[in-house]
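Visitor: The following block contains the structure, expressed as structure tokens.
The values are calculated or read from the model by the stated rules, or taken from the named source; none is laboratory data. Just so we're clear, the structure is a prediction, and the values are computed from it rather than from any experiment. When we count neighbours, we look across all protein chains shown, and the Cβ atoms used for this are built from the backbone with ideal geometry, even at glycine.
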Amino acid sequence: MTDKELITGLKKIVKPYIQNEAAFETMNADTHLIDDLKINSANLVDVVLDIEDEYDIEIEDDAFEDMLTVKAAMAVVSAKIAK
Amino acid sequence: MTPDKILSLLPYSRPFLFVDGLNYINEDAVQGHYTFRRDEYFYEGHFKEQPITPGVILTETMAQIGLVCLGIYLLRENIESDQALKFALVENHTHFLLPVPPETKVVVTSEKIYFRFGKLKCKVNMKNTSGEIICNGEISGMIVKKS
């Protein structure tokens, strides 16, 4: 899966939870899920659960705590898919 | 952890404690009950001369039994070692089907949908003693680590 495909996939997943349309429109690897997209901490859990379903992976508590940027989320998903 | 121990750990007191007892509790579900007293403080104004339990109080009752009691049970090991854990209501989607007059006994049943990354989401219903559904929906809470 290319980075571009991964960002497109993540963009679809976060869409229902974002509170900042402008940051969402320009979402890229450096976008912060909480600071930029304004996803609240309760919905961040749903984002990660939706990522698990979409990519058929399981994310541990440690990885969850790292997944605060699009780049970090992509890294976790890529590593899990590769296994 | 026994139901009595869970009740003793609830962070509420009158007039805002809406749990009388728990019928059962396990990793996946909880059932508890509460009887609304004739003299609950909110009946004085909701409504004028026609006391009906407010929907927000029914929601609170579902949350205290369905989320907080279950959350305490699920976190029992952490709670025994760390008293600083707190819960916050974060999501609520409830349908209200029947009015609840004073002195109604309600039974709340909550089934865990998931408990991941500190968030507990449950499918909850409240019934009267005739088994009729008063309200039902999905409610979520999160652990807040007190600093």
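Visitor: Restricting to segment B:109-121, and then to whatever is without any contact (Cβ under 8 Å) to a residue 60 or more places away in the chain and of a type in the set (D, E, K, R), can you tell me which residue is farthest from the other protein chains (Cβ to nearest Cβ)?
Guide: Among those residues, the one meeting the criterion is B:K121.
Visitor: On to the next question. Within the set of pairs 6 or more residues apart or between chains, which connect a residue that is more than 13 Å from B:E60 (Cα to Cα) inside segment B:12-26 to a residue that is of a type in the set (A, V, I, L, M, F, W, C) with Cβ atoms less than 6 Å apart?
Guide: Hits for this filter: zero, empty list.
Visitor: Out of (1) within 14 Å of chain A (Cβ to nearest Cβ); (2) free of Cβ contacts under 8 Å to residues at least 24 places away in the same chain; (3) acidic (D, E), the odd one out for B:E77 is which?
Guide: All conditions are met except number (1).
Visitor: Would you point out the residue of segment A:36-56, among those that are in a loop (DSSP other than H, G, I, E, B) and either in contact (Cβ under 8 Å) with a residue 12 or more places away in the chain or among the aromatic types (F, W, Y) (or both), that is nearest to the other protein chains (Cβ to nearest Cβ)?
Guide: A:N40
Visitor: May I ask you to list the residues in segment A:57-83 that are aliphatic (A, V, I, L, M) and in a helix (DSSP H, G or I)?
Guide: A:A63, A:V70, A:A72, A:A73, A:M74, A:A75, A:V76, A:V77, A:A79, A:I81, A:A82
Visitor: Only residues in segment A:1-30 that are within 24 Å of A:K83 (Cα to Cα) count as the first member; pair them with residues that are among the acidic types (D, E) and at pLDDT below 95, Cβ under 8 angstrom, at least 6 apart or cross-chain, and list the lot.
Guide: From residues that are within 24 Å of A:K83 (Cα to Cα), the pairs are A:A29/A:D3.
Visitor: Also, quick follow-up: I need the full set of residues from segment B:130-147 which are of a type outside the set (V, I, T) and either in contact with a helix residue (DSSP H, G or I) (Cβ under 7 Å, 6 or more places away or on another chain) or modelled with pLDDT of 95 or more (or both), in order please.
Guide: Answer for segment B:130-147, where residues must be of a type outside the set (V, I, T) and either in contact with a helix residue (DSSP H, G or I) (Cβ under 7 Å, 6 or more places away or on another chain) or modelled with pLDDT of 95 or more (or both): B:S130, B:G131, B:E132, B:C135, B:N136, B:G137, B:E138, B:S140, B:G141, B:M142.
Visitor: Does A:Y17 satisfy being under 17 Å from B:F117 (Cβ atoms) and away from chain B (no Cβ under 14 Å)?
Guide: In short, no.
Visitor: Go through the residues of segment B:84-94 one by one and say whether even a single one is more than 14 Å from chain A (Cβ to nearest Cβ) and either in contact with a Ser or Thr (Cβ under 6 Å, 6 or more places away or on another chain) or at pLDDT 95 or above (or both).
Guide: Checked segment B:84-94: at least one residue is more than 14 Å from chain A (Cβ to nearest Cβ) and either in contact with a Ser or Thr (Cβ under 6 Å, 6 or more places away or on another chain) or at pLDDT 95 or above (or both).
Visitor: Let me ask another. Which one of B:V124, B:V100, B:V106 is more than 14 Å from every other protein chain (Cβ to nearest Cβ), surrounded by 16 or more Cβ atoms within 10 Å (Cβ to Cβ) and assigned to a loop (DSSP other than H, G, I, E, B)?
Guide: Sole residue among the options that is more than 14 Å from every other protein chain (Cβ to nearest Cβ), surrounded by 16 or more Cβ atoms within 10 Å (Cβ to Cβ) and assigned to a loop (DSSP other than H, G, I, E, B): B:V100.
Visitor: A follow-up question, please. Starting from segment A:57-80, take each residue that is away from chain B (no Cβ under 14 Å) and list its partners that are β-branched (V, I, T), counting only C-beta distances under 8 angstrom and pairs at least six apart or across chains.
Guide: A:T69/A:T31; A:V70/A:I7; A:V70/A:T31; A:M74/A:I7; A:V77/A:I51; A:V77/A:I57; A:K80/A:I57; A:K80/A:I59
Visitor: Let me ask something additional. Return the only residue of B:E91, B:E77 being closer than 21 Å to B:K119 by Cβ and over 17 Å from the mean Cα position of the chain (by Cα).
Guide: B:E77
Visitor: Being closer than 25 Å to B:C122 by Cα and either surrounded by 12 or more Cβ atoms within 10 Å (Cβ to Cβ) or not aromatic (F, W, Y) (or both) narrows it down to one residue among A:I81, A:I7, A:I39; which is it?
Guide: A:I39
Visitor: Right, next: Being within 13 Å of chain B (Cβ to nearest Cβ), in a helix (DSSP H, G or I) and small (G, A, S) is the requirement here; does A:A22 meet it?
Guide: For A:A22, the condition - within 13 Å of chain B (Cβ to nearest Cβ), in a helix (DSSP H, G or I) and small (G, A, S) - is not met.
Visitor: Suppose we keep only residues that are within 13 Å of another protein chain (Cβ to nearest Cβ) and more than 15 Å from B:E60 (Cβ to Cβ) within segment B:127-147. Which one would you say is surrounded by the fewest Cβ atoms within 10 Å (Cβ to Cβ)?
Guide: In this case the residue turns out to be B:K145.
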